[in-house]
Amino acid sequence: MKSVFLKGVVLGYVFLLMGACNSNQDQAASVDIEQIKKEIQARENKFADIYNGGELKNIGYYADDAVTFYQNMAPLRSRQERLDFLASDLEGNTNKIEFKTNEIFASKDGVQVLEIGAYTVVDSTNAIIGSGNYMSLFEKRDGQYVCLRDMSASDMPLE
């Protein structure tokens, strides 16, 4: 009796794994992962250009209902909170930030995308003064991806 139960459990796991594998193949067949990755990287590049240029009112990266999680502070839940935070971060700052999309995981229809990336901050001499990793959840709205949730973590040693 125990043997029959154990075989049933093992077969159940095998079918579960097969189903999971098939869904990944379905995803690859239904969306162009490389094209989506290019679109997300373009959004990151535009964000960096606007941030580095100090023109935050044109940022356009986030959805109105986005939530941003930065380290050591409460989540930012509104457009104005994000703009205020970014503006204070830029005060007297000549540093530049760059983002690199490392991986994306797209829904079957490509409407939602999870991005895993890395960032680098350099000073005016191009010396690296900060770096880390981030995760951002995007949703395609009105033909372009907007960020719904993001969080980052520094990989620099604590001082």
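The values are calculated or read from the model by the stated rules, or taken from the named source; none is laboratory data. What you are looking at is a predicted structure, and each value in this text was computed from that prediction instead of being measured. Don't worry about glycine lacking a Cβ; one is built from the backbone with ideal geometry, like all the others, and counts go over all protein chains shown. Remember, those area values only see protein heavy atoms, side chains included, never the ligands or the DNA or RNA. Shrake-Rupley method; radii C 1.70, N 1.55, O 1.52, S 1.80 Å.
Test of understanding: among S131, S124, which residue is open to solvent by 80 Å² or more (accessible area, probe 1.4 Å), touching a residue at least 12 places away in the same chain (Cβ under 8 Å) and either more than 15 Å from T68 (Cα to Cα) or among the β-branched types (V, I, T) (or both)? If you could, list the steps in order and put the result at the bottom.
On the way: S131 fails: open to solvent by 80 Å² or more (accessible area, probe 1.4 Å).
Within the list S131, S124, the selection yields S124.
Residue check: is A118 in contact with a strand residue (DSSP E or B) (Cβ under 6 Å, 6 or more places away or on another chain), surrounded by fewer than 16 Cβ atoms within 10 Å (Cβ to Cβ) and within 18 Å of D155 (Cα to Cα)?
Working: in contact with a strand residue (DSSP E or B) (Cβ under 6 Å, 6 or more places away or on another chain): yes; surrounded by fewer than 16 Cβ atoms within 10 Å (Cβ to Cβ): yes; within 18 Å of D155 (Cα to Cα): yes.
Considered against the rule, which asks whether it is in contact with a strand residue (DSSP E or B) (Cβ under 6 Å, 6 or more places away or on another chain), surrounded by fewer than 16 Cβ atoms within 10 Å (Cβ to Cβ) and within 18 Å of D155 (Cα to Cα), A118 comes out as yes.
From the list F15, F99, F105, which residue is open to solvent by 70 Å² or more (accessible area, probe 1.4 Å) and either in a strand (DSSP E or B) or at pLDDT 95 or above (or both)? Can you show your working first?
Details: F15 fails: either in a strand (DSSP E or B) or at pLDDT 95 or above (or both); F99 fails: open to solvent by 70 Å² or more (accessible area, probe 1.4 Å).
One residue alone meets the criteria, F105.
Among the residues of the range 141-159, what is the count of those that are of a type in the set (V, I, T) and open to solvent by 50 Å² or more (accessible area, probe 1.4 Å)?
Within the range 141-159, the subset of a type in the set (V, I, T) is 146.
Then keep just the ones that are open to solvent by 50 Å² or more (accessible area, probe 1.4 Å); that gives none.
Number of matching residues: 0.
Among the residues of the range 37-51, are any open to solvent by 70 Å² or more (accessible area, probe 1.4 Å), within 17 Å of K140 (Cα to Cα) and assigned to a helix (DSSP H, G or I)?
Yes.
Looking at the range 68-84 only, could you name the residues that are surrounded by 15 or more Cβ atoms within 10 Å (Cβ to Cβ) and either modelled with pLDDT of 95 or more or aromatic (F, W, Y) (or both)?
Hits for the range 68-84 are T68, F69, Y70, L76.
What is the number of the single condition among (1) within 18 Å of K46 (Cβ to Cβ); (2) of a type outside the set (K, R); (3) at pLDDT 95 or above that I116 does not meet?
(1)
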